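**Student:** Mind looking over this structure? Questions follow.
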Amino acid sequence: MPHTPTRRTVLLCTGAAALAAGCGDGGGDGGSAAASPGQELAATSDIPVGGGRVFTDEKIVVTQPEQGTFKAFSAVCTHQNCLVSEVRDGTIDCACHGSRFSITDGSVEQGPATRPLPEERIAVEGNSVRPA
C-alpha cells in the first residue's frame, strides 16, 4: 500500500530542501556577485582622473579623484539600495532618487541619501585594479 504524505511531511521536506539550498556555496561558474581577490576589475587607464567607473556585477565603484589615487566604494546606494548608475562631474550618481556621493570619500553631496557609500578595499598593482 503506497504511503500518502501528510501536510507535516511535505512542509518538513520543503523546509529542509530550502535550507540546504540556502546553505550551499552556489557551485556553478557565475553565481558570485562580488569579485574575487586577485581578479582584475579594470586597468588603471580605464578609470578616468576626476571620475570613475561603476562595476554593476561586482557592486563596486572605483574612482580616481586625483592622478594615481584610486578609491573604491559600494555601488549600492544607501538610500534605498539601488545600484548607482554613473560617475560624472566629481560625483557618483544614483538614478533612482537622485542621490550623489563624492568620488573622494563617498560622502553624501546630494540627498535623499543621508549615509555615505561604504568604502571597499582594492589593490592597485602595476596597471591593474583588483579587489583586496
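Read-outs: derived from the displayed coordinates by stated rules, not from any lab. What you see is a predicted model, and the numbers here were worked out from it, not measured in a lab. Here the Cβ positions follow ideal geometry from the backbone for every residue, glycine too, while neighbour counts run over all protein chains shown.
**Student:** So how strong a dipole does the stretch 42-131 carry about its Cα centre when Lys and Arg Cβ are +1 and Asp and Glu Cβ are -1, to the nearest 20 debye?
**Tutor:** Around 140 debye, computed over the stretch 42-131.
**Student:** By how many nm would the segment from Asp105 to Cys82 lengthen if fully extended, with 0.36 nm per residue of separation less the alpha-carbon distance?
**Tutor:** Taking Asp105 through Cys82 to full extension adds about 6.4 nm, to one decimal.
**Student:** Evaluate the distance, in nm, between pseudo-label points positioned 7 Å from the Cα of Glu66 and of Asn127 along their respective Cα→Cβ axes.
**Tutor:** 2.5
**Student:** Okay, moving on. Work out how much length Asp89 to Ala42 would gain on full extension: take 0.36 nm times their residue separation and subtract the Cα-Cα distance, in nm to one decimal.
**Tutor:** Taking 0.36 nm per residue and subtracting the Cα distance, the gain is 14.9 nm.
**Student:** Apply the Karplus parameterisation 6.51 cos²θ - 1.76 cosθ + 1.60, with θ equal to phi minus 60°, to every residue of the stretch 52-61 and state each ³J(HN,Hα) to the nearest whole Hz, in sequence, with x for glycine and proline.
**Tutor:** x, 8, 9, 10, 5, 4, 8, 6, 9, 10
**Student:** Calculate I(q)/I(0) for the stretch 36-107 by the Debye formula, one identical point scatterer on each C-alpha and no solvent, and give its log10 at q = 0.12, 0.14, 0.15 Å⁻¹ to two decimals.
**Tutor:** -0.27, -0.37, -0.43
**Student:** Per-residue HN-Hα couplings for the stretch 85-96, Karplus 6.51 cos²θ - 1.76 cosθ + 1.60 at θ = phi - 60°, whole Hz, x for Gly and Pro?
**Tutor:** My calculation for the stretch 85-96 gives 10, 7, 10, 7, 6, x, 10, 9, 10, 9, 6, 4 Hz in order.
**Student:** Counting only residues 5 or more places away or on other chains, whose amide H sits under 5 Å from the amide H of Ser85 once H atoms are built in the peptide plane?
**Tutor:** Sorted by chain and number, the residues that satisfy this are Asp93, Cys94, Ala95.
**Student:** Hey, how many Å between the Cα centroid of the stretch 59-90 and the Cα centroid of the stretch 107-132?
**Tutor:** Measuring centre to centre over Cα atoms gives 5 Å.
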